[in-house]
Amino acid sequence: ALEGELERALREVADVPAGVAPQDVPATLFAMTADDGGPGGLATHMARRADVDQFRELVVHRSVYHLKEADPHTWAIPRLAGTVKAALVEIQADEYGGGRPERMHAALFARTMRHLGLDDTYGRYVDDVPATTLVGSTAMGLFGLNRRLVGAVVGHLAAFEMTSSLPNRRYGAGMRRLGFDRDATWFFDEHVEADAVHEQVAAHDLAGGFVRQHPGRVDEVLLGAAAGLALDDVAGGHLLASWEAGRSSLHDG
């Protein structure tokens, strides 16, 4: 029942382009994500104006997902086939550190948390973040756990990778501005390089490949992308609005 309510809400907020042909899906995804900064206003604020306390809050919000990166998308692997499965495995292998546990993105994020004086225990801050943060992670689970929505997982991951490189460059720059070293910014720096490659694989081989195999599921792929972008805007907007009002973005602020 709860999943049904969430899915209906996601379909209402997702701005899904209509009438897109399968061969146009990669170009459509690039158009949807062209001006996104995760959102851009938040990334720019972190690079230029954020203080250490605001970085701590950002990382607390992001810990809900990044300490389990990239598990929700991995559920799609056994539900895909051929080159599309291979594309997802290629992306996920990098997310999990290429077999080196210390390079797993979740482990890198935990390092950043420790540099900021935060507890890197998984789920530690779930009760401190609002629904605007929790819904993003919950939507990933919704898409990943329902076989009928595997196309949405594909679209969500594609948009996720295609809007990662620039914001992470800005987050890393912001932390360096505040005096943090390369070990503290390793997570962000890693995503600048990795996701510049991932976005091409995700758009063309993953999403493009999926709709070549399943031409009737274009809308499902674009739903996942559009929902992810909309939820990122909501989450980032909450942080900026809170800080502009002079208050914490967390429940315990």
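The values are calculated or read from the model by the stated rules, or taken from the named source; none is laboratory data. Keep in mind it's a predicted model, so treat the numbers as computed, not measured. Cβ atoms come from the backbone with ideal geometry, glycine included; neighbour counts cover every protein chain shown. Surface accessibility is based on the protein's heavy atoms, side chains included, excluding ligands, DNA and RNA. Shrake-Rupley method; radii C 1.70, N 1.55, O 1.52, S 1.80 Å.
Annotations for the structure displayed:
- Scanning the range 31-60 for residues that are hydrophobic (A, V, I, L, M, F, W, C) and surrounded by 15 or more Cβ atoms within 10 Å (Cβ to Cβ) gives Met32, Leu42, Ala43, Met46, Ala47, Ala50, Phe55, Leu58, Val59, Val60.
- Residue in the range 134-150 that is in contact (Cβ under 8 Å) with a residue 12 or more places away in the chain, basic (Lys, Arg), surrounded by fewer than 19 Cβ atoms within 10 Å (Cβ to Cβ) and not in a helix (DSSP H, G or I) present: no
- Test: residue in the range 84-91 that is among the small types (Gly, Ala, Ser) and touching a His at 6+ places or on another chain (Cβ under 9 Å): yes
- Qualifying residues in the range 61-92 (those that are under 19 Å from Ala235 (Cα atoms) and among the charged types (D, E, K, R)) - the one most open to solvent (accessible area, probe 1.4 Å): Arg62
- Pairs linking a residue in the range 165-183 that is open to solvent by 80 Å² or more (accessible area, probe 1.4 Å) to a residue that is at pLDDT 95 or above and β-branched (Val, Ile, Thr), with Cβ atoms under 7 Å and 6 or more positions apart or on different chains, are Arg176/Thr185.
- Residue within the range 199-213 that is among the small types (Gly, Ala, Ser) and open to solvent by 10 Å² or more (accessible area, probe 1.4 Å) present: no
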